[in-house]
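Report on one structure; see the data block that follows.
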Amino acid sequence: MTRGSLAPIHRFADSRPPAKLNLFLELRGKRDDGFHEIETVMVAIDLCDELTVRVTDEPGIRMRTDWLPSESVIAARLGVAGDEARREALLRIPDDESNLVHRALHRFRARFGISGGFAVELLKRIPAAAGLGGASSDAAAAILSAAKLYGIPSEAPELSEIASEIGSDVPFFLGSAGEPIGAAVASGRGEQIEAVPMSTCLHGVVVYPNVGLSTAAVYRESSVPARPLRAGGLVDALGGGSVSAVAARVHNRLSGPAQKIESRVGEILTELSQSGLMGGLVTGSGSACFALADSDDRAREVGAELRRRLEPGALVIATRSTTVPPAVEIG
């Protein structure tokens, strides 16, 4: 595409970027660039942010960020309403170049020679520093929204290149050549994506304690095993349709380091185990944990019970699997 030749064909785009769970995460080696070589299986879930991207005549990117239903409600559920320092640490959403949405749109403008700018409204439900991939999902949705606004096909290779430059999880949320996927095996740093067929919807409960974890800190506490596990058994179980078979094969090498850094993670995993759900695990590098249920009704029932026990002090969310990328409504 010729730089400087693109003009917007729509004025705004709305999307609902979803979170993800890591059903499997293994460390396979240490790379020369300082990152780890990993193998992970990710599945998208219906815990979603809301993103609106508008075309502006002025160059640059302007962002407005907030929480749904409000920051005050989320702070109360997390039990940090009266603690300004912790509230700031958990709930501050950057609106500058440190936000991956801002970074993604900046690179989109540079890659396609866009002279105008973007105005962004980002409303958050997905906690940060939780291992749920919210920032990466928002960035992928921003890339797809900008592409829709300028009539660029979602399978354009430039979009995948931008996603890989932004962060390891962003390519997953971009989908497979723009096509919807529910689950994928990711390798390399996490940027090499292969879609995985799922024959059943997964239901579960996610619990986010009122503490975030640094991905870098968790990886520093981890070590590569002598004989890394492989994800093949889990991939087969996802295709087979048995939730109990899936739950029996979940694995996360970062679970131990996350619990070592933050004891609250271990307490949440114990609560999930005692609730009767299956396959309790940390997602990503934490601090959020999840477990699987055999039905939507069971997930909601256990979620309500855990909410009574754990809130305030944690967010408890009954959820189900969905697909990426999110639908983008344009106008």
Quiz item: Do you know which of the residues in the range 127-165 that are farther than 19 Å from Glu194 by Cα and more than 21 Å from the chain's Cα centre (by Cα) is surrounded by the most Cβ atoms within 10 Å (Cβ to Cβ)?
Solution: Leu149
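So that you can scan it fast, the table gives a plain yes or no per residue for (1) closer than 16 Å to Phe118 by Cα; (2) part of a strand (DSSP E or B):
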site: Ile9; (1), (2): yes, no
site: Asp32; (1), (2): no, no
site: Ile38; (1), (2): no, yes
site: Asp46; (1), (2): no, yes
site: Val55; (1), (2): yes, yes
Exercise. Just name the residue that is surrounded by the fewest Cβ atoms within 10 Å (Cβ to Cβ) out of those in the range 78-93 that are among the small types (Gly, Ala, Ser) and assigned to a helix (DSSP H, G or I).
Key: Ala85
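Yes or no, residue by residue, for (1) free of Cβ contacts under 8 Å to residues at least 40 places away in the same chain; (2) buried (at least 16 other Cβ atoms within 10 Å of the Cβ); (3) of a type in the set (D, E, K, R):
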residue: Arg227; (1), (2), (3): yes, no, yes
residue: Leu234; (1), (2), (3): no, yes, no
residue: Ile268; (1), (2), (3): no, yes, no
residue: Glu271; (1), (2), (3): no, yes, yes
residue: Ala304; (1), (2), (3): yes, no, no
residue: Val324; (1), (2), (3): no, yes, no
residue: Ala327; (1), (2), (3): no, no, no
Exercise. For the range 23-33, enumerate the residues that are surrounded by 13 or more Cβ atoms within 10 Å (Cβ to Cβ) and farther than 15 Å from Glu191 by Cβ.
Key: Leu23, Phe24, Glu26, Leu27, Lys30
Quiz item: Here are some residues: Val265, Val207. Which one is more than 29 Å from Ser15 (Cα to Cα), at pLDDT 95 or above and in contact with a Cys (Cβ under 9 Å, 6 or more places away or on another chain)?
Solution: Val265
Quiz item: Quick one: is Thr270 in a helix (DSSP H, G or I) and either out of contact with any Phe, Trp or Tyr (no Cβ under 9 Å at 6 or more places or on another chain) or closer than 30 Å to Arg87 by Cβ (or both)?
Solution: yes
Quiz prompt | Residues located in the range 277-307, provided they are charged (D, E, K, R), out of contact with any His (no Cβ under 8 Å at 6 or more places or on another chain) and more than 24 Å from Leu213 (Cβ to Cβ) | solution = Asp297, Arg300, Glu301, Glu305
Practice problem: Give me a count of the residues in the range 304-331 that are assigned to a strand (DSSP E or B) and either over 16 Å from the mean Cα position of the chain (by Cα) or not polar (S, T, N, Q) (or both). | Solution: 10
Practice problem: Might you let me know whether the range 94-104 holds any residue that is in a loop (DSSP other than H, G, I, E, B), touching a residue at least 24 places away in the same chain (Cβ under 8 Å) and loosely packed, with under 14 Cβ neighbours inside 10 Å? | Solution: yes
Self-check item: Subset of the range 148-166 [of a type in the set (A, V, I, L, M, F, W, C) and out of contact with any helix residue (DSSP H, G or I) (no Cβ under 9 Å at 6 or more places or on another chain)]
Solution: Leu149
Quiz prompt | Residue ID - farthest from Arg87 (Cα to Cα), chosen from residues in the range 306-322 that are touching a strand residue (DSSP E or B) at 6+ places or on another chain (Cβ under 6 Å) and open to solvent by 70 Å² or more (accessible area, probe 1.4 Å) | solution = Arg320
Quiz item: If you scan the range 213-224, which residues turn out to be open to solvent by 30 Å² or more (accessible area, probe 1.4 Å), assigned to a loop (DSSP other than H, G, I, E, B) and touching a residue at least 60 places away in the same chain (Cβ under 8 Å)?
Solution: Ser214, Ser223, Val224
Exercise. Search the range 166-195 for residues being part of a loop (DSSP other than H, G, I, E, B) and open to solvent by 50 Å² or more (accessible area, probe 1.4 Å), and hand back the single one that is modelled with the lowest pLDDT.
Key: Ala177
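The values are calculated or read from the model by the stated rules, or taken from the named source; none is laboratory data. Source: prediction; values computed, not measured. For neighbour counting, all protein chains shown are included, and Cβ atoms are generated from backbone atoms with ideal geometry for every residue, glycine included. SASA here: full protein model, heavy atoms, side chains in, ligands and nucleic acids out. Shrake-Rupley method; radii C 1.70, N 1.55, O 1.52, S 1.80 Å.
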